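Enquirer: One structure is given below, represented as structure tokens, and several questions about it will come after.
Derivation of every value follows stated rules applied to the coordinates shown; laboratory data play no part. None of these values were measured; they are calculated from a predicted model. Heads up, the Cβs are rebuilt from the backbone with ideal geometry, glycines too, and the neighbour counts pull from every protein chain shown.
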Amino acid sequence: MNRILLLLLLLAPSPLAQAQHTPGMAIGKPLAARSTTLTLTGLGGTARTLSPDEFKALPHTAVQVHNAHNGKDESYSGVLVRDLLALVPPPAGSKNVSTNMQVVVAGATDNFHVAITLCDTNADCRSGQAVVADTQDGAPIAADGAFKLILTEDKKPARWARNLQSLTVKAVSAD
Ligand SMILES: Nc1nc2c(c(=O)[nH]1)N[C@H]1C(S)=C(S)[C@@H](COP(=O)(O)O)O[C@H]1N2
Ligand SMILES: [Mo]
């Protein structure tokens, strides 16, 4: 009798085993918390944190991309990084920094970071677009977080950031 009970206990799915198989969790990707807010920080430290609802209210752009990583064509809608950075302008009277020497560091919840340049965000400089997407195929982005950085026309999605939670403008120096 006790043996049967023990057997049943061993066969019963443990909470730990269930946690390892949460539906929607991508296999093969490291565990990352789902991003739920986006913090924008401009030169000089002006900062603003947007909730998904505040983000949704901003003008959106639709993009069609080929994801070379999974071989699929994907459609996203989101806000141009350029428009987001316009929400955190440098304080009046701050030192002028050449646009060539400003980078935008995108941060994700799993501590993935990628730096893009202001040229990457500027339609007058680069034909590809830099967009923070909040929907994919018309639905809120699920497993990849509330926000995902997409750079169209990159050959690989290596600069795309899932679970994006911050965009920080930084001035870099030549030495
Ligand atoms: N948050 C986060 N985003 C990330 C990464 C990561 O490790 N963490 N890896 C990057 C790299 S190197 C690639 S190739 C693509 C892979 O995206 P996918 O697994 O969604 O196809 O995501 C990019 N974005
Ligand atoms: Mo990659």
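Enquirer: Can you compute 3J(HN,Hα) from phi for each residue in region 45-61, using the Karplus curve 6.51 cos²θ - 1.76 cosθ + 1.60 with θ = phi - 60°, rounded to whole Hz and x for Gly and Pro?
Expert: Karplus-based 3J(HN,Hα) across region 45-61 equals x, 4, 10, 8, 10, 9, 7, x, 5, 5, 5, 4, 6, 7, x, 9, 10 Hz.
Enquirer: When you count, for each residue, the other Cβ atoms within 10 Å and take the mean per peptide, how do 77-85, 50-58, 65-73, 32-40 rank with the highest first?
Expert: Ranking, from highest mean packing down: 77-85, 32-40, 50-58, 65-73.
Enquirer: Shifting gears a bit: Please report, largest first and rounded to whole Å, the three semi-axes of the ellipsoid equivalent to region 33-171, where each semi-axis is the square root of five times an eigenvalue of the C-alpha gyration tensor.
Expert: The equivalent ellipsoid of region 33-171 has semi-axes of 24, 17, 13 Å.
Enquirer: Quick check on packing: order 134-145, 158-169 by the mean number of other C-beta atoms within 10 Å, highest mean leading.
Expert: Averaged packing, sorted descending, gives the order 158-169, 134-145.
Enquirer: Among all the lysines, which ones have a C-alpha under 22 Å from Lys148's C-alpha, if same-chain residues fewer than 8 places away are not counted?
Expert: Lys29, Lys56, Lys72, Lys156, Lys170
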